[in-house]
Each structure stands twice: as structure tokens, then as C-alpha cells.
Amino acid sequence: MTFNKSKQPIGIFDSGIGGTSIWKEIKALLPNENTIYLSDSNNAPYGQKTNDEIIKLAIKNTELLIEKKCKMVVVACNTATTNAIEYLRKNYDIPFIGIEPAIKPASLQTKTNTIGILATKGTLNSKLFEKTSANINNNIQVIEQIGEGLVELIEDGKIESQKMTQLLKKHLSEMIIRKCDCIVLGCTHYPYLIPQIRKIVGEEINIIDSGEAVAKQTKNILTKNNLLNLSENNSKNIFYINKDKNTLKNVLSNYSDIEINYLYF
Ligand code: DGL
């Protein structure tokens, strides 16, 4: 009899709590799946690190998830995906799902031919992002903005602070002045800022993030690999964090069937 891996968990990691925006989309689409989430908050932000450092952190997280018997790894971090997914796919024998800024969909939706992208320095400077940007129609202006300081404030639980509003106003000002009509959120932490961003940019601008697309892709790849968990049992969802648990607990406060543990990794 062949061993069926489908009941094994989906492993998900991020530099911190941001990837929970992806975890939520995955749970909404695939409630039966067991999950293990690593919040590497002690090493956040990844966005300021070198390509080598990001690859090392991605390896550390992946190996821990493999040790915990995950059947697949979702890299719920644009910075880690754009810097390390190629390496991971080459070196580990399980499926990987990544997340990249949705500039292609934005370029197809824009009417003003101007789109903005808010992402980390590590993502905007990566080769993979450069490659994706090169495939965008030349008529489209892309305003790239590093979201300096945003991840740190989110990790600190200061999502609704005055400091956050000030920083966002600064980061979004060029996009507003140059009349961009689509803003791409190129970091999995940023969906938690949508209410504040809305207040600043108004209702007319499209805010685009890739969370739902990642969940759909996760389902496709599980199906293709015969790994979809069809069991009706309640799923098990475990979170490991290597720093204070409070902010993680807050963003997951609507979920009762989860376990949050401190772990050194
Ligand atoms: N959530 C990560 C991303 O999507 C944040 C990166 C960071 O830690 O700087 O890029």
C-alpha cells in the first residue's frame, strides 16, 4: 500500500505575521487542510537583507517545515519568494508555492496607464521582480515605492497608529500625484493596511493583492500532485513564532481552532 501524504500539513512561512493574510485565504478555500505556519519575526524585516541572507533564512524555515512533515511549502512572503524560490525549488523535492507582486494583472486593469507598487527593498531589487517588470507593456508607467518602516510597525502591533498614517501618506504621495489608478501591495504584511490606505487614496483607486490567487494556486498544485486533503475531520492549525506572540494573536483573534506556540528557530 502506498502511503498517502494528503493528511500531512501545508507548511507556510513568512518573515513575520504578514503571511497570515495568505494563511487566511488558504483556510477560506481549503478548510480541511492541516497547516503549520512559521512566523520568523525575530529576523523581520527580510526586506532589508541581502539576497544571500534571505536564501539562508528561507532554507532554515523550509527545513523546519520539512522536519515537521509538511507535504508542501507556501512561501507567504514576496521578499523570500523573489529572492529564494528558485533555489528552494532546485534543492528540495516538495512542491513550493510563492507570491509575487501582481503588477501584470494591474497593468491589464489600469486606465491611466500608471500603476504603483508598494513593496520591500529586497523585492524591488530582486532579479525575479526585474524579470516580471520587463514583461509589462512599455506604455505603462510603474511607480516603485519601498514601504520603508511599514513591516516593523505592523510587527509591533502599531497597525492603526499615527506614525503608520504619516508613513503611508509619505509612501503613497507620488502615486497620488501621478494619478495612478492601481496600487499593488507587494508584501504580505500590507493587506492589514488596506483600511488606512483607503482613507488616504479614496475609493477610486484599485488596491490589488495576490492572496486569493495564491490560495487558488495552492489548491491547483495540491490537486495536481494528488495531495488534497479530502478528510472531513477538523483540521489542525499550528503557529510557531520566535518572538512575542501578541501581534500574531491579535491578527488571528477571529480563529478559535488554532494553536500558537513560541519556538526558537
Ligand atoms: N511579508 C514579507 C513580504 O511579503 C515582508 C518582508 C519583510 O520582512 O521585510 O515581503
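The table that follows gives values for the structure above.
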item: Accessible area of the stretch 36-87 belonging to carbon and sulfur atoms, whole % at 1.4 Å probe; result: 47 percent
item: Listed residues Asn254, Asn137, Asn229, most fluctuating in the chain (Gaussian network, C-alpha, under 10 Å); result: Asn254
item: Environment charge at Ile59 (Cβ cut-off 13 Å; Lys +1, Arg +1, Asp -1, Glu -1); result: -2
item: Gained length - Ala213 relative to Asp52, 0.36 nm times residue gap less alpha-carbon distance; result: 55.2 nm
item: For Gly16, distant residues with modelled amide H under 5 Å away; result: Asp40
item: Debye log10 I(q)/I(0) for the stretch 1-56, one point scatterer per Cα, at q = 0.27, 0.30 Å⁻¹; result: -1.05, -1.17
item: Positive-pole candidate from Ser39, Pro9, Ser21, dipole of the stretch 1-66, charges at beta carbon; result: Pro9
item: Most mobile of Ser253, Ser39, Ser173 in a GNM of the chain (Cα contacts under 10 Å); result: Ser253
item: Pairwise label distance in nanometres, Tyr87 with Glu203, each label 7 Å out on the Cα-Cβ vector; result: 4.6 nm
item: Cα-centred dipole magnitude for the chain, charges only on beta-carbon of K, R (+1) and D, E (-1), debye, nearest 20; result: 280 debye
item: Net +/- balance of residues flanking Ile260 in space, Cβ distance below 9 Å, scoring K and R +1, D and E -1; result: +1
item: Lysine pairs with alpha-carbon atoms under 27 Å apart, the stretch 201-265, spacing 8 or more or separate chains; result: 8
item: Under the Debye formula (equal points on every Cα, no solvent term), log10 I(q)/I(0) of the stretch 73-127 at q = 0.19, 0.21, 0.28, 0.29 Å⁻¹; result: -0.71, -0.81, -1.08, -1.11
item: Rounded to 5, percent antiparallel among DSSP beta bridges of the chain; result: 0 percent
item: Farthest positive-ward along the chain dipole, Cα basis, beta-carbon charges - from Ser210, Ile143, Gln48; result: Ser210
item: Assigned charges on the beta-carbon of Lys, Arg, Asp, Glu; the stretch 1-80 dipole about Cα centre (debye); result: 300 debye
item: Inverse of mean 1/r across different Cα pairs in the stretch 150-253, Kirkwood, Å; result: 16.5 Å
item: Cα radius of gyration and Dmax for the chain (Å); result: 18.1, 63
item: Potential extension, Thr112-Asn234 segment - 0.36 nm per residue separation minus Cα distance; result: 39.2 nm
item: Largest-first ordering by accessible area, 1.4 Å probe, given options Arg89, Arg178, Arg198; result: Arg89, Arg178, Arg198
item: Linear extension gain, Ser161 paired with Lys127, 0.36 nm per residue minus alpha-carbon span; result: 8.9 nm
item: Accessible area (Å², per residue) of the stretch 37-162, counting only protein heavy atoms and a probe of 1.4 Å; result: 47 Å²
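The values are calculated or read from the model by the stated rules, or taken from the named source; none is laboratory data. Treat the numbers as computed from the prediction; the structure is a model and nothing was measured. Note that we place each Cβ from the backbone using ideal geometry, even for glycine, and neighbour counts take in every protein chain shown. Surface accessibility is based on the protein's heavy atoms, side chains included, excluding ligands, DNA and RNA. Shrake-Rupley method; radii C 1.70, N 1.55, O 1.52, S 1.80 Å.
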